[in-house]
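These notes are about the structure you will find just below.
Values quoted throughout were computed directly from the atomic coordinates according to the rules given, and no laboratory measurement underlies them. Predicted model only: the values in this text are computed from it and were never measured. Please note: Cβ atoms are built from the backbone with ideal geometry, for glycine as well, and neighbour counts cover all protein chains shown.
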Amino acid sequence: MPHARRLFAAACLAGVAVVAYAQQEVRLKPDATPQLATSQLAPAFAPRELTQYPSAGWPTNGGDLYNRRYSPLTQITRDNVAQLKAVWRARLGGSGVGVKYSGEATPIVHNGVIYVVTGADDVFAIGVETGQTLWTYKANLDDKLTVVCCGWTSRGVALGDGKVYVGQLDGKLLALDQRDGRVLWSVQAERWQEGFSITSAPLYYDGLVVTGFAGAEYGIRGRVKAYDAKTGALAWTFYTVPGPGEVGHDTWPSTNNVWQNGGASVWQTPAVDPELGLLYFSTGNPGPDFNGAVRAGDNLFSSSIVAVDAKTGKYRWHFQQVHHDLWDYDGPSPVVLFDLEVGGRMRKGIAQPSKTGWVYILDRTNGRPLVGIDEKPVPQEPRQATARTQPFPSGDAFVPQSIAIAPEGFKLVNQGRIYTPFWTDPVVVKPGQSGGANWPPSSYDPRTGYLYVCATDRTGVFKGGSDNEAPPDGERYIGGVFGNVSFGVSGIFAAMDMRTNKIVWQQQWAERCYSGSTVTAGGLVFTGRIDGRFTALDAKDGSLLWQFQTGAGVNAPASVFEHNGQQHVVVYSGGSLFANAPRGDSVWMFSLQGKMDAASTQTQ
C-alpha cells in the first residue's frame, strides 16, 4: 500500500472518535443564522494594535502587520505538547474538496469566532467553543474561470471595522458583514477575462483594504490596489511593471510594448511598518516567463521586494532579487519584518525567502542589504538577453543550487547550477521553477532571530525559443516549455539566523513542504504535511514532538490564540493541488484540554 494511502487509511480507522464527535455539529438554515453580538465585532484596528504579538486572537493573515506568524503564548510547550488533543472538528460542507482546489487559508480569529475561506472562495464563521458554523458566504464562482494558475485557492481573509474582506478568483473584492456574512460592498477589482485573479488574503490597514493580483501566466500587468474599507472606493494603485515616465520603465525594451503584459504578480499579503508608513511586498516573474529575448533589460519590478507609501501607494524603494528572470525565480512567499540587533546595533529588517533558495535580508528603511548581497557574473546566453550579473546573498542557501548527478536522459550544463541559461535545448537546473520557497509563508521568532522556511528541493527542466511578444488569446503567456524531473522531489524545512543568513538547522522530508509554519514562545513550530499530518517541531533543533493525522493535506499555516484562559491551535485541513494529497473540508482545533482522544494522535 503506498505511503500516502497507508496514512489516509490509518486516519480513517483512527477517525471513529472524530466522526462520532463531528456528528454533534449543528447545521443552521439560512433563515436561522445567528447574529454575532456587537461586542464580538472587530474594531477599525489602529495600526499600532496590529503590530503587537497576537494573543487573544489572530487578527491578520500573518498574525500581525509584520507577517511574523509568532505567538507569545507559553501554555503549550515542548515539554507538554505530547498531551495536545483535538477539541473539535468542523466540516465545511464539502466546499473546495474537488481535484482543482487547494486549501491554503490561514484562519482569522477574533472574539470567539474563527473566519476561514476555502479554495472555492466560500467563507465560514465558526464558533471557537463549539465548532458550530455561525454563518456561511457562498461565492458561487463560475466554473468557466480559465485563468487561475496553480489550483483554485484563497490564502485567507482580512478583518476590520465589523467586516470580513475576501478577494476572489474572479477578480472581485468584497466586504462581508461580520455578523452574518451578508455582502456590504463588492467591486470588480479586475476582470478575470483579462487574466486577473486574487489568490492572496487582503490586508486591512488604517481604513484601507489592500490586495495584489495574480495572472502573469496570462499576460497581465501586475499591480497592488488599496480600497476604502467602508465603501470599496479605490484609494490608490501601484503598478509592479512601471509605465512610461515611471521609475524603472527604462528596464523594459523601448522597441515594443511588452511591458504592458509584463507580469510581476503579487501572490501574498503585504506587510506594513506603521512607524515608517511603508507597505512591503514581493513580486512574481516577468512575462513571458521563459523567453527573455523579447524583453531585454532587468524588467523591474519583477522578482523584486518593493516598498511603497502605505497611504498613497507611491514608490519608495525596491531591491531586485533576480535580474531579467528566466527561471520563474520569483518571490511568492510573504515578506517578513523584524527588529534585531545586527552588527552591534538594532536594525529594522525585512526578509523574503525566494524560489532561488536564498533568503534576501534587507534594511527596510531603505532597501539596502542588511546582510551582504554581492553582484556576481553569471553564464550568458545572448539569445535570451541574459543579465550580466545576479545578486548572491551571503550565508547559506536553504535548498541545493546545483545537480550532483545528471538525471537520466539529460546532460548537465554548468553542473545544473542556479542561473544556468537555456534556449531551444532542454536544460536541467536546481532549483527548478517549483523549487525553493514558493507560496508557503515563513515564521519568525523574535526571541532567537530565527526564520523558519518551508521549501522544496526539485530539479527543473527549462526550454525557450518561443517568440510571442503578446499573450495569445485564452492561452498561457509562457514563451517556452518548462517542467520537472519526474523523481527526486523532497521537502526542506530550515531554521535560518537573520543575523548571518546561515542555517541553524535543516531537515529533508520525504514529501514537499507546502504549509508554511507558525512559531510560538513555547518553543514550538507548527507545520502541516501534504499527507494529512499536522505536526509540532522543537524550534531549537527541528525534532518532531507531536503529530496528528487530520485526514486531508494540511497545506495552510496554523493560528494560535487564547480563549477562556486556554491556549488553542486551529488549522485548516483541505488538501492541495498535488495529486497525492488527500482532500477534505475540515477545520481542526486543538488544546491541552481537548475533548477528542483520537487514536490518530501520535508522539515521537
Here, LYS463 and VAL481, labelled 7 Å along Cα→Cβ, have an inter-label distance in nm of 0.2 nm
For TRP135, TRP509, ascending order of other Cβ atoms within 10 Å (fewest first) is TRP509, TRP135
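Using DSSP to define loop residues, name the GluC sites (Glu not before Pro) in segment 124-219 whose beta-carbon has at most 13 other beta-carbon atoms within 10 Å.
GLU129
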Of all trypsin sites (Lys or Arg not before Pro) in segment 278-356, the ones in DSSP coil with at most 13 other Cβ atoms within 10 Å are LYS314
Taking alpha-carbon centroids only, segment 558-597 lies from segment 384-449 a number of Å equal to 33 Å
To the nearest 10 degrees, the tilt of helix 3-14 (Cα long axis) against the first principal axis of the alpha carbons of the chain is 10 degrees
Toy charge model, Lys and Arg Cβ at +1, Asp and Glu Cβ at -1: the chain dipole around Cα centroid in debye, rounded to 20, equals 660 debye
Toy charge model, Lys and Arg Cβ at +1, Asp and Glu Cβ at -1: segment 482-570 dipole around Cα centroid in debye, rounded to 20, equals 160 debye
Here, LYS595 and GLU381, labelled 7 Å along Cα→Cβ, have an inter-label distance in nm of 5.9 nm
Fraction of alpha-carbon pairs in segment 213-350 farther than 19 Å apart, rounded to whole percent, equals 50 percent
Env charge @ THR389, Cβ radius under 10 Å, K,R +1 / D,E -1, value 0
Labelled set (i) 24.8; (ii) 37.1; (iii) 34.1; mean projected area of the Cα convex hull in nm² computed from this model equals the value at (i)
Restricting to lysines and to Cα separations under 16 Å from LYS314, and discarding same-chain partners fewer than 8 apart, the set is LYS225
A correct fewest-to-most ranking of LEU65, LEU276 by other Cβ atoms within 10 Å would be LEU276, LEU65
Sorting GLY460, THR74, GLY212 by the position of each Cα along the dipole of segment 3-602 (Lys, Arg +1; Asp, Glu -1; all at Cβ), the one nearest the positive end of that ordering is THR74
